[in-house]
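The values are calculated or read from the model by the stated rules, or taken from the named source; none is laboratory data. What you are looking at is a predicted structure, and each value in this text was computed from that prediction instead of being measured. Glycine also receives a Cβ, built like all others from the backbone with ideal geometry; neighbour counts cover every protein chain displayed. Ligands, DNA and RNA are stripped out before the accessible areas are found, and what is left, the full protein with its side chains, is counted by its heavy atoms. Shrake-Rupley method; radii C 1.70, N 1.55, O 1.52, S 1.80 Å.
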Amino acid sequence: MVVGMQLFIDSANISEIQQVAALGIISGVTTNPSLLAKEDPSTPVEKIIASIHEIVGGHISVEVVSTDTEGMIREAEEILSWLPEATIKIPMTAAGLSAVYELSRREIPTNVTLVFSPTQALAAANAGARYVSIFLGRLDDIGQDGVGVLRQVMEIWDVQGLEAEIIAASIRHPMHIVEAARAGAPIATVPYKVLMQSLKHPLTDAGLEAFLRDAAKWHKQSVTA
Ligand code: G3P
């Protein structure tokens, strides 16, 4: 049973996803067109998505690339034809909100992406989004406070009792994970490199080295005794 903030991996790379899934620390995967563009272009996207789903099993967000509502809905239908469990990732635009509204009417889960402000988050929730992705790193990149925006959103969610699940996205370093958890975000989607960094501590490495050195001493003694 998962308690507390869930971790998703923000990646479309099978090897990265396999490694992290084997650790038992992730319960979902988010992809986007830029992540998919890094993968082997000879493998069809639907094959990559199917393999990811086979490995992790839980949440998987797949993004549409149309900019008009009808196109987004058509793409959502196509994605769901190859993976009925998919959550459809829709950009935070007027056309995107209409698509979210229509898809939620059909009870299809959506993840509204590229959300940078509390008002955008509220609109996404009102349109019927199941998930709302707040981009921390990209706000920091332009000199704004990504964590501050996430905190505001979480406060509004708390006060208003909103149900859409907030995903802390565009995570760039382990402190973003810490701050997302402190803010009460139910999910953080984290790139492979940052997930692995977040597991490391120099005192863990030094401590283990000392334990193994000492274990070798008593192991030698018990063999010679
Ligand atoms: O998947 C959406 C988001 O996490 C992208 O992150 O690092 O490209 O801003 P980044």
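With all protein chains kept in place, the per residue accessible area of the chain amounts to 53 square angstrom at a probe of 1.4 angstrom. Heads up, I need the accessible area for Ile25: 1.4 angstrom probe, whole protein in place, Å², nearest 10. The value for Ile25 is about 60 Å². Rg of the Cα atoms in the range 167-225, relative to 2.2 N^0.38 Å, amounts to 1.83. The tail of the calculated P(r) for the range 103-186 beyond 20 Å holds 27 percent of all Cα-Cα pairs. Taking a quarter of the surface of the Cα convex hull of the chain gives a mean projected area of 15.9 nm².
Projecting the Cα positions of Val65, Thr87, Ile14 onto the charge dipole of the chain (unit charges on Cβ atoms of Lys, Arg, Asp and Glu, taken about the Cα centre) puts Ile14 furthest along the positive direction. Sequence-ordered 3J(HN,Hα) estimates for the range 76-87 from the Karplus curve with 6.51, -1.76 and 1.60 and θ = phi - 60° stand at 4, 4, 5, 4, 5, 5, 9, 8, x, 7, 5, 9 Hz, glycine and proline given as x. The dipole here belongs to the chain: it is taken about the Cα centre, uses +1 on the Cβ of Lys and Arg and -1 on the Cβ of Asp and Glu, and is about 760 debye. Ranking of Leu35, Leu23, Leu114, Leu195 by solvent-accessible surface, largest first: Leu23, Leu114, Leu35, Leu195 (1.4 Å probe, protein heavy atoms only, all chains present).
Axis of helix 202-224 versus longest Cα principal axis of the chain: the two differ by about 40°, to the nearest ten degrees. Computed on protein heavy atoms with a 1.4 Å probe, the accessible areas place Asp214, Asp10 in the order Asp214, Asp10, largest first. Within a straight-line Cα-Cα reach of under 20 Å, Lys47 can be paired with the following lysines, leaving aside sequence neighbours fewer than 8 residues apart in one chain: Lys38, Lys89.
Which sequence of Met175, Met72 reflects their accessible areas, 1.4 Å probe, from the largest down?
Values: Met175 105, Met72 0 Å².
Correct descending sequence by accessible area is Met175, Met72.
Based on Cα contacts under 8 Å between residues 6+ apart, the chain shows a relative contact order of 17 percent. Here the average projected area of the convex hull drawn through the C-alpha atoms of the range 5-64 stands at 3.9 nm².
Within the shell defined by Cβ-Cβ distances under 11 Å, the residues around Tyr131 carry a net charge of 0, with Lys and Arg each +1 and Asp and Glu each -1.
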